[in-house]
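The values are calculated or read from the model by the stated rules, or taken from the named source; none is laboratory data. Model, not experiment: these values are computed from the prediction. Here the Cβ is made from the backbone with ideal geometry for all residues, glycine too, and neighbour counts use every protein chain on show.
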């Protein structure tokens, strides 16, 4: 018996050592993952209806720089990983911007990443119904989506009808004007009024959500969008920002909010806009001042590669046809090459004048600088509506979202009528 025990003692001792080493190794792996998890995210996903292809993810990395990642989709599944500094908004799509603008795409959607392991579920042509598990911030996004659902269901068919009317402008200009004035004018005004009322209800839902979720990075992003789009008052937005926890105030989106609100104060509604003189793509000289006393002006800051900008173009064409006797649209392009701008103008049949943001012939008063700097533009689509006295009436957009055309139509209609 003693012999057996003594012969087994080394065996058990060796096994214990091996177990100890394995446990220690696992602990090191765990500690490594924990250390990485401060910045690393891991995204596993499944896309129903897509056996093979590619998926693209646009997000802000751990250095707060724009980042594009992609993954091959095999048997409907994909995997992506990266580093982020904090919970952040991201866009996932089946088409890279390098392939051209995916206008009206149903295969791109918004999610909120966190430095953790997440699981995404989506279906082809239904990226607006994406489900992301593992991200508390994205859970807030889905909560608000559920709260908005009853109003969104009413808004959708109204917007579809507005879009259907806009298609009539693809006909001959003269015929379109007749159709609009004689048959559709009343319906457009009615739909615009209805949408305004519905969006006020939606804003009320958003407002209550933000008040109840002041700790959320998602709330900060929603507030930033509303400030960019000019759909929330300065005082109320400032009060919400002041109520955020300190960590959220110091975050990237928190500091962006503070910066945007400062810019809102620098160009207040009702303030006089700076004049600029530029050469457009046809070689003609454009001066903002020459429209004073004659026409309202809509400045459209955009780029040919900007997907939301291109999505807005058909609506701007409809607005231009309807109000061109009273309104001039001036496109200010951020394209690096005029050939890209001209190509987009031909593709989208754009008629209003266009100038290049970085053109050496552009002059602006009271000092020479880029037009976007003078008007504090740092995102697009971004539009400024200016009255006949040269005063700023309304700001629209500045961000990743397409601007609701009914908002522009409603403001212009109020000015003219």
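Residues that are touching a helix residue (DSSP H, G or I) at 6+ places or on another chain (Cβ under 6 Å), assigned to a loop (DSSP other than H, G, I, E, B) and modelled with pLDDT of 90 or more within segment 56-98 comprise just one, 87. Are any of the residues in segment 274-284 more than 20 Å from the chain's Cα centre (by Cα) and farther than 16 Å from residue 353 by Cβ? So far as segment 274-284 goes, yes, one or more of its residues are more than 20 Å from the chain's Cα centre (by Cα) and farther than 16 Å from residue 353 by Cβ. Counting only helices (runs of 4 or more DSSP H) that fall entirely inside segment 329-417 and contain at least 3 residues that are modelled with pLDDT of 85 or more, the qualifying elements are 338-348. Is it true that residue 285 is assigned by TED's automatic domain parsing to the domain that holds residue 358 and free of Cβ contacts under 8 Å to residues at least 40 places away in the same chain? The answer is yes for residue 285. Among the residues of segment 183-204, is there at least one that is modelled with pLDDT of 80 or more and under 16 Å from residue 239 (Cβ atoms)? Yes - at least one qualifying residue is present in segment 183-204.
The residues of segment 206-220 that are touching a residue at least 60 places away in the same chain (Cβ under 8 Å) and buried (at least 17 other Cβ atoms within 10 Å of the Cβ), listed by number, are 206, 209, 216, 217, 218, 219.
Going by the conditions given, is residue 317 over 25 Å from the mean Cα position of the chain (by Cα), under 24 Å from residue 393 (Cα atoms) and either part of a helix (DSSP H, G or I) or assigned by TED's automatic domain parsing to the domain that holds residue 220 (or both)? So residue 317 does not fit the description; no.
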